[in-house]
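Data block below; observations after.
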Amino acid sequence: MQRAGGLAPPVLTALMAFLVSGIVVLASGHNPWRTYQAIFEGAGLNWFFHFGSYQIDIPFTGHHVWFWWDTNTDHTAAYNLTQTLLTMTPLMLTGLAVAFAFRCGLFNIGGQGQYLVGAFVAVYVGSRFTNMAHAPHLLLGITLAALAGAAWGAIPGLLKASVGAHEVITTIMLNWIAYWGGSYLVGRGGPLQNHSDRSLPLSDSVANSAKLPIIWGNQALQGLHGGIFVALGALVVCALVLNRTTLGYEVRAVGFNPEAARYGGISVGRSFVLAMAIAGLFAGVAGAMDIFGWQYRLGVSDVQVSNIGFIGIAVALLGRTTAAGVGLSAFLFGALLTGTSARSLSDPTIFPPELAGNLALMIQALVLLFVRAGVFVLYLWDARRKLPLARLGRAAGGPR
């Protein structure tokens, strides 16, 4: 029953969010079924149902292999799926940034700022150290971006541990510092502005040696890069750290009860700082994945419209702050963002393209709203299980 309770709330949360959104779509005079079908196909999820045998030639060998699914991204379904997985990659990492901190009893609202700081460092390293070999250049960029995100995340952890400043307030403030600081860095006259056209408020492009390899699709069309394996590896690392290490035990103990953890000899302040630093590390890597994987440069508009870190909050909450849950939730939100893009919902007879992004925001908001409903469902479920025991106690003459 406990496992069922663990699976039921996020599934019910997602279903309720889509149900209420469907009612809104219906009230606007459009067909919810056709709209959701367009989102499904726009996210490339219909690729999983394209059966058939397809031959793929192996370069320079004269051999070929057979795939059951069509892997040619010149076809719509395969291309749409690459875009879903591309969006899913940073969402897994920003979701972990929220989930890991939450396990320590901290609500990390600063994933967006930590993501941006990682992106700034990635742009600098990728566009400056152009004489390095591919592997060292890429490794240096990802490492420094991760450390920058960790340092940005450690600041609110340190303030929490030292003066008791609430992490929600400090992370929101740091988000704005990253927002305006980044706008200055890549804006006109900023230190990271490009050297070729000083009228454009954007950075130089990263060198080819700092670009992640494309594993599916065309690089010119934002193919799926190898960073997805970094994100999947981060899910495994997060689960192992939390469940198989002393650090993870201390983080979870502080999250359950800080005073009991302190009484047991655990440094609560140290756990706050480390948890927020590790959370920021995940978000910093997310910024590096986007820069080195497909974006390749950063402009003022990119800094000011980005919301990957904020969506990571919904990803973590829907995934119940577990590594596996974050992975599944990130895939759902990646499909939602791709499927509701103006490119995917481009038929005005199905849904107004100019409102497609608003539909995605509405579903995200409903997910956050119904997360609390999931907690209420669990409460009712536990109350129902305890009710027969209470009745049995009264029948035996126990206290009423």
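Each value in this text was obtained by applying a stated rule to the coordinates, not by laboratory testing. A quick note: this is a predicted structure, and the numbers were derived from the prediction, not measured. As a convention, Cβ positions derive from the backbone with ideal geometry for all residues, glycine included, and neighbour counts pool all protein chains shown.
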Inter-site label distance for residue 244 and residue 188 at 7 Å from Cα along Cβ, in nm | 5.4 nm
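Using a/c under 1.5 as the rounded threshold, could you call the stretch 182-247 rounded, prolate or oblate? The axes a ≥ b ≥ c are square roots of the C-alpha gyration tensor eigenvalues, and prolate needs a/b larger than b/c, oblate otherwise. List each step's numbers first, then the result.
On the way: a/c = 4.14, a/b = 1.73, b/c = 2.39.
Judged from the Cα gyration tensor, the stretch 182-247 comes out oblate (a/c at least 1.5, b/c at or above a/b).
Quote the charge dipole size of the stretch 210-297 about the Cα centre in Debye, to the nearest 20; the model charges only the Cβ of Lys and Arg (+1) and of Asp and Glu (-1).
About 80 debye.
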Spelling it out for residue 216: with amide H atoms placed in the peptide plane at 1.01 Å from N, the residues 5 or more places away or on another chain with amide H under 5 Å from its amide H are 224
Who wins for biggest fluctuation among 28, 209, 127 in a Gaussian network model of the chain, springs between alpha carbons below 10 Å?
-> 28
Value at 222 nm in deg cm²/dmol, rounded to 500, when DSSP H runs of n ≥ 4 in the chain each add -39,500 (n - 2.57) | -22500 deg cm²/dmol
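Based on the Cβ-Cβ distance of residue 8 and residue 263, what FRET efficiency does E = 1/(1 + (r/R0)^6) give at R0 = 25 Å, to the nearest 0.05? Write out the running numbers ahead of the final one.
On the way: r = 35 Å, r/R0 = 1.39.
In this case the efficiency is close to 0.10.
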In terms of the alpha carbon gyration tensor, root eigenvalues a ≥ b ≥ c, rounded if a/c is under 1.5 and otherwise prolate when a/b exceeds b/c or oblate, the chain is oblate
In range of the label at residue 179: residues from the stretch 273-302 whose backbone nitrogen is under 13 Å from the point 7 Å along Cα→Cβ | none
With 0.36 nm assigned to each residue of separation and the Cα-Cα distance removed, residue 75 to residue 200 gains 41.6 nm
Residue (of 203, 180, 140) at the positive-pole extreme of the stretch 125-240, dipole from beta-carbon charges = 203
Roughly how many debye, to the nearest 20, is the charge dipole of the chain about its Cα centre, given +1 on each Lys and Arg Cβ, -1 on each Asp and Glu Cβ, and no other charges?
-> 1660 debye
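Apply 1/(1 + (r/R0)^6) to the Cβ-Cβ distance of residue 24 and residue 215, taking R0 = 45 Å, and write down the FRET efficiency to the nearest 0.05.
0.75
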Looking only at 140, 86, 224, which one moves most when the chain is put into a Gaussian network model with springs between Cα atoms under 10 Å?
-> 140
